[in-house]
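The values are calculated or read from the model by the stated rules, or taken from the named source; none is laboratory data. Keep in mind the model is a prediction, meaning the values are calculated, not measured. Cβ sites come from the backbone with ideal geometry, for glycine too, and all protein chains shown count toward neighbours. Protein only, heavy atoms only, side chains kept; ligands, DNA and RNA dropped before computing areas. Shrake-Rupley method; radii C 1.70, N 1.55, O 1.52, S 1.80 Å.
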Amino acid sequence: MNIPNTKLPRVIIIGGGFAGISLAKKLKNQPLQVVMIDKHNYHTFQPLLYQVATGGLEAGSIAYPIRKVVQEYKEFYFRLARVNEIDTQNQKIKSDIGELHYDYLVLATGSKTNFFGNKEIARNSLSMKTIPQSLNIRSFILENFEQALLTDDEKERNCLINFCLVGGGPTGVELAGALAEMKNAILQKDYPDLDISKMQINIIQGDGELLNAMSDKSSIAAEKFLKELGVNVYKNMRVTSYDGKTVTTNTPQTFETSTVIWTAGVMGAAIPGISAEALIKNIERIRVNEFGQVKGYDNIFAIGDIASMESEKYPQGHPMMAQPAMQQGELLGKNLVQKIKGQPMKPFEYNDKGSMATIGRNKAVVDLPSYHFSGVFAWFVWMFVHLFSLIGFKNKAVVFLNWVYNYIRFDREGRLIIRPYKRKSFYTFTTDEV
């Protein structure tokens, strides 16, 4: 990897997401050599991926170069690589660009889509965890509408312009609202020779309420907003299979659609090498103690979505969201310095600042620790919080101007097929590609 040898303790951070970046900032100019490794050279602001997928924002406005974040940090190195294995016995990582020894290792690899073992759905549906995946969704949607113009088969045409979103969490709800706004204000202008009124947006939730991690008040309000926008909401329904055309559920209800976007669950993006005792197999999260130390290791830590810090209040670990990841990263930065000095570390206590979701123009829900509200004010709060959380002044300015323009003009000008996306045939996949 061409990292200089040093007498300073070497800390390797795998992952440049919310947790990794927060940790890096806390280790700035400390008496350490810090190496960050990520398979992308940019940090992604994941809460706004759905706006890239629906043409509201360009990808560059929610991404920020990792090297620019750390360019003034002393003894800090970034490497663009994919880590394939952790050799805990010899204290080194193995990647596609070489091996590197560590004194302290921090896993901040985040999460990936969880298809719950259903390989057919994994082959034929679309995910939205990265910028490339969001761009794929955008291209796929627009290409389907272009194709719908060319077919005389009404059933095929309806299939091309129908959507199924599986999962009623924040991602599914926000994406459904954005698609509904496109249907109501944009697509009918872009495709005047298509009957856009036949376009269906279906959101399928496995249990009895949307946004089940939020308050009942927010759940009810979100469902009301979606129905007002024309979204079909199906609760207590599970998708059992999808062959690329037909969605089958655990009920007699089926859906004919070319587009299934899976937002029904996530799992940790684990790296081989950690002991089986520390890994929760079904969700691939890593068990850590109150300091973020991986079970069975003194010098390996995990933070963010990959970490499961189980407690009485959070028996299944903290929610896989940005706030716990950022807070864990900030505290670990302080604790690593303390540990190296031989001083006691401070246990992590999550400060729940609340959660929120937007369902479209002037529609959002916000849960604060002691107060819940929805509607226009909640929408402005959602915008302010997300705008403030973006990295980089330019990104903040670009996103703000895009939002103002989109609000005034009822438009989303990012409807561009920059790189065509064609889903592979069901029969061309191998198990290793899933």
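For this structure, a couple of remarks:
Condition check ((1) under 26 Å from the mean Cα position of the chain (by Cα); (2) over 23 Å from residue 388 (Cα atoms); (3) modelled with pLDDT of 95 or more) across all residues:
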| site | (1), (2), (3) |
| --- | --- |
| 47 | yes, no, yes |
| 69 | yes, no, yes |
| 80 | yes, yes, yes |
| 85 | yes, yes, yes |
| 92 | no, yes, yes |
| 101 | no, yes, yes |
| 109 | yes, yes, yes |
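- Residue in segment 249-256 that is in a loop (DSSP other than H, G, I, E, B), buried (at least 19 other Cβ atoms within 10 Å of the Cβ), touching a residue at least 60 places away in the same chain (Cβ under 8 Å) and not charged (D, E, K, R) present: no
- Residue 176 being open to solvent by less than 30 Å² (accessible area, probe 1.4 Å) and either of a type in the set (Asp, Glu) or over 16 Å from residue 255 (Cβ atoms) (or both): no
- Subset of segment 119-149 (residues that are within 19 Å of residue 256 (Cα to Cα) and outside any helix (DSSP H, G or I)): 125, 126, 127, 149
- Members of segment 305-330 found to be within 21 Å of residue 171 (Cβ to Cβ) and of a type in the set (D, E, K, R), listed by number: 305
- Listed by position, the strands (runs of 3 or more DSSP E) contained in segment 317-415 that have at least 3 residues being within 27 Å of residue 129 (Cβ to Cβ), in contact (Cβ under 8 Å) with a residue 12 or more places away in the chain and open to solvent by less than 60 Å² (accessible area, probe 1.4 Å) are 355-360, 363-368.
- In this structure, residue 277 does not satisfy being buried (at least 21 other Cβ atoms within 10 Å of the Cβ), acidic (Asp, Glu) and not in a loop (DSSP other than H, G, I, E, B).
- Which numbered condition residue 243 fails, given (1) in contact (Cβ under 8 Å) with a residue 12 or more places away in the chain; (2) over 26 Å from residue 144 (Cβ atoms); (3) of a type in the set (D, E, K, R): (2)
- Residue in segment 156-163 that is touching a Ser or Thr at 6+ places or on another chain (Cβ under 6 Å), in a strand (DSSP E or B), open to solvent by less than 20 Å² (accessible area, probe 1.4 Å) and not small (Gly, Ala, Ser) present: yes
- Selection of segment 232-248 for residues being outside any strand (DSSP E or B) and either open to solvent by 60 Å² or more (accessible area, probe 1.4 Å) or of a type outside the set (Gly, Ala, Ser) (or both) yields 235, 236, 237, 238, 243, 245.
- The residue list 270, 213 contains one member that is in contact with an Asp or Glu (Cβ under 7 Å, 6 or more places away or on another chain), within 30 Å of residue 301 (Cβ to Cβ) and part of a loop (DSSP other than H, G, I, E, B), which is 270.
- Residue under evaluation residue 180, criteria (1) within 15 Å of residue 365 (Cβ to Cβ); (2) at pLDDT 95 or above, criterion not met: (1)
- Scanning segment 301-316 for residues that are open to solvent by 50 Å² or more (accessible area, probe 1.4 Å) and within 22 Å of residue 266 (Cα to Cα) returns 310, 311, 313, 315, 316.
- Some residue of segment 186-198 being surrounded by 22 or more Cβ atoms within 10 Å (Cβ to Cβ), of a type in the set (Val, Ile, Thr) and within 29 Å of the chain's Cα centre (by Cα): no
- Some residue of segment 211-230 being surrounded by fewer than 20 Cβ atoms within 10 Å (Cβ to Cβ) and under 21 Å from residue 156 (Cβ atoms): no
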